[in-house]
Amino acid sequence: MIDRCTLRLTVLLCLTSSALSRNYGVLRFQQRSSNSACQKLLRQLIRTPQYCLDDRMDFQIPEEVKQPQQVQKEEAMVVMHEMLQQIFSIFRRSFSSTGWNETIVENLLEELHWQMDRLETALEEIMQEGKFPSENRTLLRLKTYYLGIVRYLKAKSYSRCAWTIVQVEILRNFTFLNGLIDGLQH
């Protein structure tokens, strides 16, 4: 009796972990594809006037985000979600001084929202398995990093140049997000 229960439990655990592995592959593909769409939309918005070069700023993204190979899958997904949420929040701010095409911005926001939804579904599965990472310093540093970006925009009165600088920084963020996505395959 015990052997039969153990066998069933073992088979169930194997199926669950293989299903989650397949989900990581699908999630990786979906996130990579959506990141590419976001990068394309951002590039459509960027107009780098020469006079904005004086407004450049080093916002100093956390090193863990630049070097994601040391981050566990579960933590990478939490970090990715936080980054997408913060980027979404930034692009919902006043950008009227930029002359941007609002349709492009709305499409960008839709892509970001779609990515967050996919990550939330995967994070819920991880929570159910009890593998959800506890609060960590990386998230705190990320929040501080994005707060610096928001403060910069406010200090520059959401000027066209400030938005251009932030756009370029956010475009860099998608490169780091791709590194985190790549980490989901390990």
Checklist outcome for this item: For VAL166, the lone unmet condition from (1) surrounded by fewer than 21 Cβ atoms within 10 Å (Cβ to Cβ); (2) in contact with a Leu (Cβ under 7 Å, 6 or more places away or on another chain) is (1)
Checklist entry - Which of the residues belonging to the stretch 38-54 are at pLDDT 80 or above and surrounded by fewer than 16 Cβ atoms within 10 Å (Cβ to Cβ)? => result LYS40, ARG43, GLN44
Next on the checklist: I'm told ASN35 meets every condition in (1) touching a Phe, Trp or Tyr at 6+ places or on another chain (Cβ under 8 Å); (2) outside any helix (DSSP H, G or I); (3) at pLDDT below 80 except one. Can you identify the failing condition by its number?
Outcome noted: (2)
Checklist entry - Taking TYR145, is it within 21 Å of LYS66 (Cα to Cα), crowded, with 16+ Cβ neighbours inside 10 Å and either among the aromatic types (Phe, Trp, Tyr) or touching a Cys at 6+ places or on another chain (Cβ under 8 Å) (or both)? => result yes
Checklist outcome for this item: Of the residues in the stretch 94-134 that are under 16 Å from LEU27 (Cα atoms) and of a type in the set (S, T, N, Q), the one that is modelled with the lowest pLDDT is THR121
Item to check | Residue under evaluation LYS66, criteria (1) surrounded by 13 or more Cβ atoms within 10 Å (Cβ to Cβ); (2) farther than 20 Å from ARG160 by Cβ; (3) within 13 Å of the chain's Cα centre (by Cα), criterion not met | outcome: (1)
Item to check | Residue match in the stretch 102-124 (condition: β-branched (Val, Ile, Thr) and surrounded by 19 or more Cβ atoms within 10 Å (Cβ to Cβ)) | outcome: no
Item to check | Residues satisfying the stated conditions in the stretch 135-166, i.e. modelled with pLDDT of 90 or more, assigned to a helix (DSSP H, G or I) and of a type outside the set (A, V, I, L, M, F, W, C) | outcome: ARG141, LYS143, THR144, TYR145, TYR146, GLY148, ARG151, TYR152, LYS154
Checklist entry - Within the stretch 151-186, which residues are over 20 Å from GLU63 (Cα atoms) and basic (Lys, Arg)? => result ARG151, LYS154, LYS156, ARG160
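The values are calculated or read from the model by the stated rules, or taken from the named source; none is laboratory data. Note that the structure is predicted; figures quoted are calculated from it, not measured. Glycine also receives a Cβ, built like all others from the backbone with ideal geometry; neighbour counts cover every protein chain displayed.
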